[in-house]
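Right, one structure below, let's go through it.
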Amino acid sequence: MNQNLTELIEASRFYGKDKTFVIAGGGNTSFKDDDHIWVKASGVALETIDESGFVSLSRAKLKVVSSKIYSQESVQREAEVKADLANAIVSEGNNRPSVETSMHEIIDYQFVIHTHPTKVNALMCSTNAESVCRELFGDQSLFIPYTDPGYILFKKVETEIGLFTAKFRKAPQMIFLENHGVFVAANSVSEINDLYSAIIEKINQKIKEALPADDSKSFKSPIIDKIQDLHPGFKTFAAMGIESGLIHHFAKDHITFSKAATAFTPDDIVYCKAHYLFLPAFKGKNEQLESAKKLIDGYFRSYGYLPKVLVLEGHGVIAVEDSLKSVLNVLEVYSNILKISFLSENFGGPKFMTRSQIEFIDNWEVENYRRKMAKS
């Protein structure tokens with residue numbers, strides 16, 4: 001095996017196993033030489049990735065994406081880009097390259113590690129993201145305001161990299177994406193590790209209040225017992241409730257819940273959908289079930305799908321999905337949403353994705369493919 005690919009696999013697993021950097025199937029990594037780029041396949045988890053989890057592409061063929069004029073219609077445009085990415089593949093197998101492959105290609109360093117660290121996203125998903133990012137990292141980094149992922153984001157980053165390189169005579173090694181995450185690049189994995197350490201250290205200096213203790217435990221509820229009656233959305237069901245000090249902070253009442261009621265990032269939508277449902281507590285079992293039924297039905301009328309996350313006042317979070325694995329993914333991702341919201345108060349408070357941004361992700365074939373892969 002290529003020594004550089006071996007290093008890429010080791011680095012991918014290192015960050016993939018660290019839940020403060022990568023949640024569920026998020027993040028992607030790459031290595032490139034003069035002729036080819038090896039990039040993580042869409043839907044493959046970094047934590048356990050091996051050589052088969054990467055797609056190799058021709059860099060010469062990838063350059064078509066930069067120069068070609070695509071459709072103005074978003075669905076058609078993304079389909080055309082996907083076809084050109086597929087045409088550039090030189091490795092065997094049916095894996096699809098990450099949708100962010102073209103961004104990896106234009107970053108002028110051999111190794112690129114893209115993750116969604118909790119503390120980075122506490123900053124990226126805050127109202128003061130841009131000003132604090134510039135204060136902390138200055139001309140060492142690029143800050144990219146939220147842009148719909150895929151081709152449009154690629155072209156935005158390509159333009160900004162060109163301007164940065166012309167101004168500073170070198171390509172950026174840290175690219176921060178609002179409501180998304182960070183790309184860190186270098187010609188060695190050790191330098192990437194140093195850059196990530198510096199990023200987290202600088203953000204830590206701004207955090208005045210630490211997260212509540214991570215003391216998660218399960219809890220029982222009649223809502224879980226009756227979930228098939230309340231939530232007729234799946235042929236098979238799995239539901240689980242957890243509580244913790246952090247969850248109690250947001251489940252206290254509707255006002256505190258409102259700071260974690262909507263998605264921060266595209267990955268949140270992939271695993272948890274974009275909106276989460278608050279259920280007021282009742283002393284009586286029947287009253288609790290009747291209220292939950294009405295609220296779940298109202299949610300379905302509003303959004304056209306059933307909620308995956310139920311926050312029970314004064315108790316905890318209930319996740320609903322069609323398998324235990326998917327339930328655990330939902331709980332992991334939503335717990336991270338709570339951490340991001342809590343820590344974002346150090347940077348002006350939470351900033352959610354907008355309705356139009358959410359609709360783009362919900363309707364994007366690429367993210368629906370990732371949902372499918374996450375369940376397999």
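The values are calculated or read from the model by the stated rules, or taken from the named source; none is laboratory data. What you see is a predicted model, and the numbers here were worked out from it, not measured in a lab. Counting neighbours? That spans all protein chains shown, and the Cβs are built from the backbone with ideal geometry, glycine included.
What residue, of 105, 10, 51, is surrounded by 20 or more Cβ atoms within 10 Å (Cβ to Cβ) and not hydrophobic (A, V, I, L, M, F, W, C)? Of 105, 10, 51, the one residue that is surrounded by 20 or more Cβ atoms within 10 Å (Cβ to Cβ) and not hydrophobic (A, V, I, L, M, F, W, C) is 105. Kindly indicate whether residue 241 is under 17 Å from residue 223 (Cβ atoms) and either crowded, with 20+ Cβ neighbours inside 10 Å or more than 23 Å from the chain's Cα centre (by Cα) (or both). Answer is yes for this residue. Of all the numbered requirements in (1) β-branched (Val, Ile, Thr); (2) without any contact (Cβ under 8 Å) to a residue 60 or more places away in the chain; (3) surrounded by 21 or more Cβ atoms within 10 Å (Cβ to Cβ), residue 89 misses one, and that requirement is (3). When the residues of segment 289-308 are filtered to those that are touching a helix residue (DSSP H, G or I) at 6+ places or on another chain (Cβ under 6 Å) and not aliphatic (A, V, I, L, M), the one that is farthest from residue 100 (Cα to Cα) is 293.
Within segment 56-85, restricting attention to residues that are within 14 Å of residue 40 (Cα to Cα) and of a type outside the set (Ser, Thr, Tyr), the residue that is modelled with the lowest pLDDT is 85. Among the numbered conditions (1) more than 17 Å from the chain's Cα centre (by Cα); (2) surrounded by 22 or more Cβ atoms within 10 Å (Cβ to Cβ); (3) not charged (D, E, K, R), tell me where residue 114 comes up short. Tallying (1) more than 17 Å from the chain's Cα centre (by Cα); (2) surrounded by 22 or more Cβ atoms within 10 Å (Cβ to Cβ); (3) not charged (D, E, K, R), residue 114 fails exactly one: (1). Collect the residues in segment 156-167 that are touching a residue at least 24 places away in the same chain (Cβ under 8 Å) and either under 13 Å from residue 137 (Cβ atoms) or within 25 Å of the chain's Cα centre (by Cα) (or both), keeping them in residue-number order. The answer is 157, 158, 161. Residue count for segment 205-233, restricted to those that are part of a loop (DSSP other than H, G, I, E, B), under 14 Å from residue 312 (Cα atoms) and of a type in the set (A, V, I, L, M, F, W, C): 1.
Contact map, segment 357-370: first residue modelled with pLDDT of 65 or more, second residue β-branched (Val, Ile, Thr) and assigned to a helix (DSSP H, G or I), Cβ cut-off under 8 Å, separation 6 or more or different chains; pairs are 358/269; 361/269; 361/270; 362/269; 363/75.
The residue list 170, 226, 252 contains one member that is surrounded by fewer than 17 Cβ atoms within 10 Å (Cβ to Cβ), more than 20 Å from the chain's Cα centre (by Cα) and in the same structural domain as residue 78 (by TED's automatic domain parsing), which is 170. Applying the set (1) assigned to a helix (DSSP H, G or I); (2) of a type in the set (A, V, I, L, M, F, W, C); (3) touching a residue at least 12 places away in the same chain (Cβ under 8 Å) to residue 184 leaves exactly one unmet item: (1). Screening segment 64-78 for residues that are surrounded by 15 or more Cβ atoms within 10 Å (Cβ to Cβ) and in a helix (DSSP H, G or I) and picking the one that is nearest to the chain's Cα centre (by Cα) gives 78. Just one of the listed residues (161, 175) is of a type in the set (Val, Ile, Thr), in contact with a strand residue (DSSP E or B) (Cβ under 9 Å, 6 or more places away or on another chain), surrounded by 13 or more Cβ atoms within 10 Å (Cβ to Cβ) and part of a helix (DSSP H, G or I), and it is 161. In segment 125-136, the residues that are more than 21 Å from residue 338 (Cβ to Cβ) and modelled with pLDDT of 95 or more form Cβ pairs under 9 Å with partners that are among the acidic types (Asp, Glu) and surrounded by 15 or more Cβ atoms within 10 Å (Cβ to Cβ), at six or more places apart or across chains, as follows: 130/178; 133/178. Within segment 11-51, how many residues turn out to be in a loop (DSSP other than H, G, I, E, B) and of a type in the set (Ser, Thr, Tyr)? The qualifying residues number 2. Consider residue 318 carefully, then state whether it is under 29 Å from residue 22 (Cα atoms), in a strand (DSSP E or B) and modelled with pLDDT of 95 or more. The answer is yes for residue 318.
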